[in-house]
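The values are calculated or read from the model by the stated rules, or taken from the named source; none is laboratory data. In this text, all values refer to a predicted model and were calculated from it rather than measured experimentally. Reconstructed Cβ throughout: ideal geometry from the backbone, glycine too, with neighbour counts over all protein chains shown.
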Amino acid sequence: MTAIERSSPGSLRRWQTDDKPPAEQYAYWREVVCAAFTTLNPAARGAGRDRWDRPGLPGWVDSLPIGSTNAAEVESCEQQLRHGRAQVAAMDHPVLFINLQLRGRSVVSQDGRTCLSGPGTFSLVDASRPFTLDYLESWRTVSFRLPLEAAGGLTSPGRSLTARTFSASHGMGRVLTQTMRSLWTEGPHLTSEAAAAGSAAICALASALDGSAVEDDHTSIAESIRRSIDDYVELNIEYADVRPEAVARNFGISVRRLHQLYEDGPCTFGQMVMSTRARYCADMLAAEPHVSLTEAAARWGFSDLSHMNRVFRRLFGHSASELRGRRVAPIAPSPGPDGPSLPV
């Protein structure tokens, strides 16, 4: 296995399959997944248990110990990962996984529940009980492995938080996942003391999770995907490409399918993106009233000042300049047939 060494208390290690012959990649991937996570059996979707019926298996894992936790970023192709009774029995220490979806979608099953997790969401699985991760297309995740005893009973059956879709865009879910991202980025450069403090923070934040950050259990798959897309745009509106082509590619769907997902919702995809831009821009003008309108328009993706003012008037009932130093709620929670129609 190839390791990348960095100057840190814990060394970042990388495993990848692309330097192996295609015929050996599946067997190697089983070792990689087990080394970075826990005992898992990967299988091709629809090929039957523990079978891989195609040539090669692209994938890589970066893994880093951070205090009492272990963090990993993983990318691979569509597949099922199973953690059954035999794998549970083979474990030395019970652990919990927090899986933040960066790209692609996964169907998570545990404790008689099933949820869909897409970019902008995360889920929990308790490795002291069987679970399945079914990745529907090429995917990438950041995953933290926590000692189960440090999670404060978070995944006990009575709390019903395993195999649930948590939003990473608001509340405690946002605080937890932003901390996960920061620790993953800075982990290789932390001292032992800082790494221990960071891992303690992750455990404490995870223990504080409750059902308030869980997406509605009664939504359809289409609505679940739409909410995942909303969360993804919310998290990435300032720095990432949120044009339809880029978002569709990130979720493994066509641009046509992306727009279809919003046909029965309160607004179109374009209106949702524009509303998100306007809300963030309005927040900045309220908090930083001395920022020029031209700078604000450019930072939040408006084509010009006239465009920004049209959007603001329809969403807030005020021009952008009138919202300097003020916080005004949108006229409607989201633009649509019964609310203001936003120019996109």
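Any chance region 260-271 includes a residue that's assigned to a helix (DSSP H, G or I), under 21 Å from the mean Cα position of the chain (by Cα) and crowded, with 17+ Cβ neighbours inside 10 Å? Yes: one or more hits.
Okay, residues lined up against (1) touching a helix residue (DSSP H, G or I) at 6+ places or on another chain (Cβ under 6 Å); (2) modelled with pLDDT of 85 or more:
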{"position": "ALA27", "(1), (2)": "no, yes"}
{"position": "THR38", "(1), (2)": "no, no"}
{"position": "ASP53", "(1), (2)": "no, no"}
{"position": "LEU57", "(1), (2)": "yes, yes"}
{"position": "SER63", "(1), (2)": "yes, yes"}
{"position": "THR69", "(1), (2)": "yes, yes"}
{"position": "ALA72", "(1), (2)": "yes, yes"}
{"position": "GLU75", "(1), (2)": "no, yes"}
{"position": "LEU96", "(1), (2)": "yes, yes"}
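Taken over region 318-328, residues that are surrounded by 14 or more Cβ atoms within 10 Å (Cβ to Cβ) and not hydroxyl-bearing (Ser, Thr, Tyr) amount to 6.
So that you can scan it fast, the table gives a plain yes or no per residue for (1) in contact with a Ser or Thr (Cβ under 8 Å, 6 or more places away or on another chain); (2) over 19 Å from VAL32 (Cα atoms); (3) of a type outside the set (Lys, Arg):
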site: VAL74; (1), (2), (3): yes, no, yes
site: GLY104; (1), (2), (3): yes, yes, yes
site: LEU116; (1), (2), (3): yes, yes, yes
site: THR121; (1), (2), (3): yes, yes, yes
site: PRO157; (1), (2), (3): no, yes, yes
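Filtering region 228-249 to residues that are closer than 15 Å to ARG164 by Cβ and at pLDDT 80 or above leaves only ASP231.
The residue list ARG129, ARG181 contains one member that is surrounded by 14 or more Cβ atoms within 10 Å (Cβ to Cβ) and within 16 Å of GLN101 (Cβ to Cβ), which is ARG181.
Residues in region 161-214 that are over 14 Å from the mean Cα position of the chain (by Cα), not in a helix (DSSP H, G or I) and not small (Gly, Ala, Ser): LEU161, THR162, LEU190, THR191, LEU209, ASP210.
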